[in-house]
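The values are calculated or read from the model by the stated rules, or taken from the named source; none is laboratory data. Just so it is clear, the structure is predicted and the values come from calculations on it, not from any experiment. Note that each Cβ is placed from the backbone with ideal geometry, even for glycine, and that neighbours are counted across all protein chains shown.
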DNA sequence: GTCTATAATCTGATAGAC
DNA sequence: GTCTATCAGATTATAGAC
């Protein structure tokens, strides 16, 4: 049995769309570009994804799953909570380097769309809440630290990293992320 | 002499475009919508702004000037550096409340455009550098604080607020900004 | 400087043959 | 499932009259 080189059409569409949405932006990416780069017929695209916004939702759900999987892999073998907190920054530093400082897919999408109370808002919110909860679960496991409240500390650290990601895309270097890393290492 | 109610065409265009670019996004806003809402002819628009991207640059430069002016007004009468640092957060909290959590115009634009090394990148970078320098000038004036390096502290605080702004637009409340405010108040 | 009219192109989406 | 052909509307931008 020979293995085909190209993935199945649906996967190809999603992969190409994901790449373009992330790099160019959702509104700046047209259906025509997607079908051209995925080497697919337009009829096939609309068979798999009834509208462009359906494709957007599929893209975000894919990113969500990817993130969790990749982060778990990245932390494999580590169970020290302090190390895990640092791993969280390291993971995001690595991701920004690998993507040429393209930023966070979820934050970018929120900036691109008009703020309507739709499904996208919900997905982004859920994603960020999950990250925040994950970080808090690490902070809860470390011994008490001075007069710091762990809940507050973990939330501010989460927000600090969010800001560092954004700053990273503006300045096109990882300085803000490295600085956030030092900051939290000093505290915990 | 009677005062006309409407501002001059150029100002009207810029004001309408600014509002739409900020709320809807740059790519999502068409020339037609701008001329309709500004009640202007399309020929006039292209007389004042040869292209849509010229309008974008003018919009960002306007926001830059507005920010500095408004912040100075907001700080009028305050010269205590610790107070000024808190004022910086308060100013941005107020701005987010006034704009229904639309976020930072500069961060939003960066997320909307393909990362090309153009004028926009330059304007955004300059704006953020100016903010960072302003904050550092406040931190330098306060007495030594524990084992904290003021440069590092001010940079991380700046980044923290950036993250809080972004988080604010996702969760549609000022919690992250309030939390950042408490955090820095505790340290300084 | 402002207007109307329009060019040339691209948008997301649909229909129907194979 | 894939293809070609096409829709209706929106896109940025230009030309020429007033």
- Message: Any residue at all in the stretch B:143-152 that's in a helix (DSSP H, G or I), surrounded by 14 or more Cβ atoms within 10 Å (Cβ to Cβ) and at the interface with chain A (Cβ under 9 Å from one of its Cβ atoms)?
- Response: yes
- So residue B:96, is it more than 12 Å from chain A (Cβ to nearest Cβ), farther than 15 Å from residue B:184 by Cβ and surrounded by 20 or more Cβ atoms within 10 Å (Cβ to Cβ): yes
- Item | Selected residue [within 14 Å of chain B (Cβ to nearest Cβ) and either farther than 27 Å from residue B:109 by Cβ or at pLDDT below 95 (or both)] from A:118, A:79 | A:118
- Task: Give the residues of the stretch A:102-123 that are in a loop (DSSP other than H, G, I, E, B) and farther than 17 Å from residue A:167 by Cβ, sorted by residue number.
- Result: A:113, A:114, A:115, A:116, A:117, A:118
- So which residues in the stretch A:67-83 are within 28 Å of residue A:122 (Cα to Cα) and out of contact with any helix residue (DSSP H, G or I) (no Cβ under 9 Å at 6 or more places or on another chain)? A:69, A:72, A:73
- Message: Being within 14 Å of chain B (Cβ to nearest Cβ) and within 10 Å of DNA strand C (Cβ to nearest atom) is the filter here; which residues of the stretch A:25-55 pass it?
- Response: A:26, A:27, A:28, A:29, A:30, A:33, A:52, A:53
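For every residue, the table says whether it meets (1) more than 16 Å from DNA strand D (Cβ to nearest atom); (2) in a helix (DSSP H, G or I); (3) touching a residue at least 24 places away in the same chain (Cβ under 8 Å).
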{"site": "A:32", "(1), (2), (3)": "no, yes, no"}
{"site": "A:37", "(1), (2), (3)": "no, yes, no"}
{"site": "A:40", "(1), (2), (3)": "no, no, yes"}
{"site": "A:45", "(1), (2), (3)": "no, yes, yes"}
{"site": "A:57", "(1), (2), (3)": "yes, yes, yes"}
{"site": "A:60", "(1), (2), (3)": "yes, yes, yes"}
{"site": "A:64", "(1), (2), (3)": "yes, yes, yes"}
{"site": "A:69", "(1), (2), (3)": "yes, yes, no"}
{"site": "A:72", "(1), (2), (3)": "yes, yes, no"}
- Check the stretch A:2-17 and report whether any residue there is farther than 25 Å from residue A:130 by Cα and in contact (Cβ under 8 Å) with a residue 40 or more places away in the chain. yes
